[in-house]
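Just so it is clear, none of the values below were taken in a lab; they were calculated from the coordinates. Note that the structure is a prediction, hence the values are computed from the model and not measured. Glycine also receives a Cβ, built like all others from the backbone with ideal geometry; neighbour counts cover every protein chain displayed.
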Amino acid sequence: MGNRIDGRACAEKIHDETGARVQALKSAGVEPALAFVRVGEDPASKVYVGMKEKASARLGIQSRSHVLNEETSEKELLGLVEELNQDPQVHGILVQAPVPDHIDSARVFAKVDPEKDVDGFHPLNLGKLLLGDRTGFVPCTPAGIHELLIRSGIETKGAEVVILGRGNIVGKPMAVILMQKAKGADSTVTLCHSRTREVSEHCRRADILIAAMGQPHLITKDMVKPGAAVIDVGVNRISDPSVSKGYRLIGDVDFDGVMPVAGWITPNPGGVGPMTIAMLMRNTVRAAEQAGHTQHG
Ligand code: GUN
């Protein structure tokens, strides 16, 4: 079995759609622009922001990166976010997580103007998501997984969905998206976490299994129902002296073991990651389109 879900190909299609919207905005005199804020030198964050900058450039979205040092105070960071909120040339603002421990990320996300919150982390946008109000921005990783499921023709209506991980960036919003009364949703959702008893039992019931707990290769073939769709969100650094970087990235799913059992499976890399970026670009273009409407009445 094991239909490989090609996240890269799906992301490319979405980039084509988004690119056309960028061109339409430019023709109307609007230059869509996205501001990145990174605090400290977290190596994974550097890579992620680099990939997001590259995607922006490719689509013709202007991007500006603000790199602050590890010792930056929360007040300074909030001040920069406020400046970006006030800047009419900036349509989207992304503060890359994680921020250093002395900064309260929730306060920072809540400071971003909800109209520029292309990450969908502001309480207003998360509240809209919970209420099924589609006027808000949806967090990029769960939105990307949702889009992958829909575009792959995987039935979500009435499906047993099991999500592993209750983080604010993936697990919680993913559960909310799929439990909505809506096309491409209508699922029965179980959210498992570190205190869940008998995780394997839950997993084996899943028609759609979404692994976002950050545990290398925790999902093995004995935990997967034959024919299930398996989505691997994990990005785990494993030390590997045999390669020059000294480490290797592996997912939360044992791909080789699970592949023959699963009906659908995302590779990692090349599954969820490219979709996160595609959703960020799409959210940014939407923010620019909506700002244009506001400006012109
Ligand atoms: N860190 C991990 N995923 C994300 C994301 O989607 N957005 C931001 N800002 N930080 C992250």
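Nearest 5 percent is fine: what portion of the DSSP beta bridges confined to the chain is antiparallel?
10
Fully extended, how many nm does the chain gain between Ala110 and His66 (0.36 nm per residue separation, minus their Cα-Cα distance)?
Once the chain is fully extended between Ala110 and His66, it gains 14.0 nm.
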- Message: Ranking request for peptides 4-13, 188-197, 96-105: highest mean number of other beta-carbon atoms within 10 Å first, then the rest in descending order.
- Response: 4-13, 96-105, 188-197
- In whole Å, how far is the Cα centre of segment 143-201 from that of segment 1-56? 23
- Message: Below 23 Å, Cα to Cα, which lysines can Lys128 reach? Residues fewer than 8 away in the same chain don't count.
- Response: Lys111, Lys116, Lys157, Lys172, Lys181, Lys183
- Of segment 86-120, those with amide N under 13 Å from the point 7 Å along the Cα→Cβ vector of Asp133 are 114-115
- Query: Using a Gaussian network for the chain with springs between C-alpha atoms less than 10 Å apart, which of these wobbles most: Gly153, Gly29, Gly246?
  - Reply: Gly246
- Item | Tensor-based shape of segment 182-297 (alpha-carbon gyration tensor, a/c under 1.5 rounded, otherwise prolate or oblate) | oblate
- Over the Cα atoms of segment 64-223, how large are the radius of gyration and the largest Cα-Cα distance (Dmax), in Å? 17.7, 53
- Convex hull over the alpha-carbon atoms of segment 17-152: what's its volume per residue in Å³? 121
- Message: Can you show me the helix-derived [θ] at 222 nm for the chain, built from DSSP H runs with n ≥ 4 at -39,500 (n - 2.57) apiece and divided by the number of residues, rounded to the nearest 500.
- Response: -13000 deg cm²/dmol
- Once you've got the GNM for the chain with C-alpha springs shorter than 10 Å, pick whichever of Val37, Val118, Val243 has the biggest mean-square fluctuation. Val243
- Rg(Cα) of the chain divided by 2.2 N^0.38 Å? 1.00
